[in-house]
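See below for the structure under consideration.
Quick note: the coordinates plus some simple rules give every number you see, no bench work behind them. Note that the structure is a prediction, hence the values are computed from the model and not measured. Backbone-built Cβ (ideal geometry, glycine too); neighbour counts: all protein chains shown.
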Amino acid sequence: LAKTTQPISMDSYEGQEVNITCSHNNIATNDYITWYQQFPSQGPRFIIQGYKTKVTNEVASLFIPADRKSSTLSLPRVSLSDTAVYYCLVGDMGRSNYQLIWGAGTKLIIKP
Amino acid sequence: DVKVTQSSRYLVKRTGEKVFLECVQDMDHENMFWYRQDPGLGLRLIYFSYDVKMKEKGDIPEGYSVSREKKERFSLILESASTNQTSMYLCASSPGTSDYEQYFGPGTRLTVT
């Protein structure tokens, strides 16, 4: 049963690159890593998902080392609107063995 | 545009009442989920469903039941509400081909007094 650990909070400034690391030492072979963003009074929103190495989309990159015991969400050139809580999610969504664990989230505050 | 709606944003109920939380998605998604969110605990899965009339227990199903009579609708039921069920309840859906990319509703803040 994978358990995730993330920093409780982080600060950064507009225009900077922000990296949020999630630790998941007990990740299983079938587990994927997914990151979500949540603004106050809203449900979480999917950002990115990966299994190994690097994944990039239009909003973020996800770096996963070979041992998969951690992952890093990278947000390039953040703005004030990136202030939110970011969740690291590790799990196996296979229907015969459904396991889905959410981290406690990292509150990211972007300053001007 | 993808949309998940929940019947109420705020709800106040008394201990012992039966509570229904409704969730509707308009994306023809196969999978639907109910979570509760509490400060410091992240999201915890209560129940999920992969198909109509099908349900699976999540991590914390005690005190809850669900119903999925139609593909687009997934209901969470608190048979006898208790104060420890005061929480934010979030519904989500996902297509069968991408279980990890879930679309969430805005949430229902339930207070049980």
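Listing A:55, B:19 from fewest to most neighbouring C-beta atoms within 10 Å gives A:55, B:19.
Residues in region A:32-47 carry Karplus couplings, in order, of 9, 10, 9, 10, 10, 10, 9, 9, x, 6, 10, x, x, 10, 4, 10 Hz; the curve used is 6.51 cos²θ - 1.76 cosθ + 1.60 with θ = phi - 60°, and Gly or Pro positions show x.
Sorting A:11, A:92 from the fewest to the most surrounding beta carbons within 10 angstrom yields A:11, A:92.
Mind checking which of A:37, A:49, A:16 has the largest fluctuation in a GNM of chain A, springs on alpha carbons under 10 Å? Looking only at A:37, A:49, A:16, the largest GNM fluctuation is found for A:16. Sparse packing (at most 14 other Cβ atoms within 10 Å of the Cβ) combined with a DSSP loop state is found for none of the chymotrypsin sites (Phe, Trp or Tyr not before Pro) in region B:6-47. Among A:35, A:102, the order by Cβ neighbours within 10 angstrom, fewest to most, reads A:102, A:35. Less than 5 angstrom separates the built amide H of residue A:16 from those of A:78, all sequence-distant by 5 or more or on a different chain. Rounded to whole numbers, the Karplus 3J(HN,Hα) couplings from phi for region B:27-36 are 10, 6, 6, 7, 9, 9, 9, 10, 10, 10 Hz, using 6.51 cos²θ - 1.76 cosθ + 1.60 with θ = phi - 60°, and x at Gly and Pro. Based on the reciprocal of the average 1/r between different C-alpha atoms, the Kirkwood radius for the protein assembly as shown equals 18.0 Å.
Ratio of Rg to Rh for region A:9-111: 0.97 [Cα atoms; Kirkwood radius as inverse mean 1/r over pairs].
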